[in-house]
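K.L.:
What follows is a structure written as structure tokens; I'll ask about it next.
Please treat every number below as a calculation from the coordinates, not as lab data. Please read these numbers as outputs of a predicted model, since none were measured by experiment. Neighbour counts are summed over all protein chains in view; Cβ atoms, including those assigned to glycine, are modelled from backbone coordinates with ideal geometry.
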Amino acid sequence: MSPKLFVQVVVFVTSLLLRLRESQASLAKAGCQEMCGNVSIPYPFGIGAGCYMHESFEVFCRGDHVPFWSANNQEYPILEFSTDLVRVIHESTTSCAEFEWIGVPQTLGEYFFLSQDRNLYVAVGCNIKAYFMTYPINRSQVCESLCNERVPIGGSPTNCTGFNGCCHLSIPKNVTSYNIMIQHKVNGSACAQAFVSEISARIYFEKRQIQFPLALNWVVGLTTCHQARKKGDNLCGSNTYCVDSTNSLGYNCRCRKGYKGNPYLPNGCQGNFQVINFTL
């Protein structure tokens, strides 16, 4: 084997080993459960004491291998995590009364808020008004749904015009808690539903609670990146950079260019190495 070819082989094998190590790097804290069912649990989230950053990021894993997150005594089955987003499932609220408050305020906690660009508030029913009250900035919105026949089934939330059996509202910024109220008008449908759902979800109507995907943004710290650096309490790991949230006060972390992994672990971002050809 020529010296040139030997060097190429050594560099190639070394690169493969480094890539293999990168692909096998855990996104969870060392010694902690990495998976629940088919869902990877990345730090700062974690299952079990010592595996999450603090209680707001605690995840539970049922015996049926379904991960869920809990807020204000309500459980949200988890679909997927990303560096600043968690997709969960929650139930619709159903009203079969003339004028009814539905349930209790949905409180997400200070580190979580409704994703403004991935969700819509949707109400389904004939001749109803649906109120959407959001906090901590007290704001009340209302949409009206009109129709003369039975409530249509199927379709996208963005197709709800208010004249086809459903209506929708945009989500304001920084919503950490919300409540829903449905008012039935004269000749309204016997039952109606209202919920917050991902824009891409397919809506349908039944006279019972049904489930929809919901996108929640989250932040790892409750200050700006500048304030965190100034105080010396930036929670990002090595080879990362800090990103201010665009929807709420707080920040998240990203791996620097050329690195991949979990930016919230101390050494979670690993180098993305490439094969180099040497000429001898």
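K.L.:
Once both labels are modelled 7 Å past Cα along the beta-carbon direction, what's the Gln227-Lys173 spacing in nm?
P.N.:
Modelled inter-label distance: 1.4 nm.
K.L.:
So, one more: Assign one of three labels to the stretch 221-269, namely rounded, prolate or oblate, based on the Cα gyration tensor with a ≥ b ≥ c the square roots of its eigenvalues; rounded applies when a/c is under 1.5, prolate when it is not and a/b is larger than b/c, and oblate otherwise. All intermediate terms of the calculation are to be shown ahead of the outcome.
P.N.:
Working: a/c = 2.35, a/b = 1.60, b/c = 1.47.
It comes out prolate by the Cα gyration axes.
K.L.:
Peptides 106-119, 48-61: what's the order by average Cβ count within 10 Å, highest mean first?
P.N.:
Working: 106-119: 20.1, 48-61: 15.3.
Per-residue Cβ counts within 10 Å, averaged per peptide and sorted highest first, yield 106-119, 48-61.
K.L.:
What order do you get for His90, His168 when you list them from fewest to most C-beta neighbours inside 10 Å? Let's see the in-between values first.
P.N.:
Details: His90 19, His168 24.
Ranked by crowding around the Cβ, least crowded first: His90, His168.
K.L.:
Say R0 is 22 Å: what FRET efficiency, to the nearest 0.05, do Ala190 and Glu144 get from their beta-carbon distance? Please list the in-between numbers first.
P.N.:
Working: r = 18 Å, r/R0 = 0.80.
Efficiency, from the Cβ-Cβ distance: 0.80.
K.L.:
Subtracting the Cα-Cα distance from 0.36 nm times the residue separation, let me have the gained length for Glu198 to Phe60 in nm, one decimal. It would help to have the intermediate numbers written out before the result.
P.N.:
Values: separation 138, 0.36 × 138 = 49.68 nm, distance 2.31 nm.
That pair, Glu198 and Phe60, stretches by 47.4 nm at full extension.
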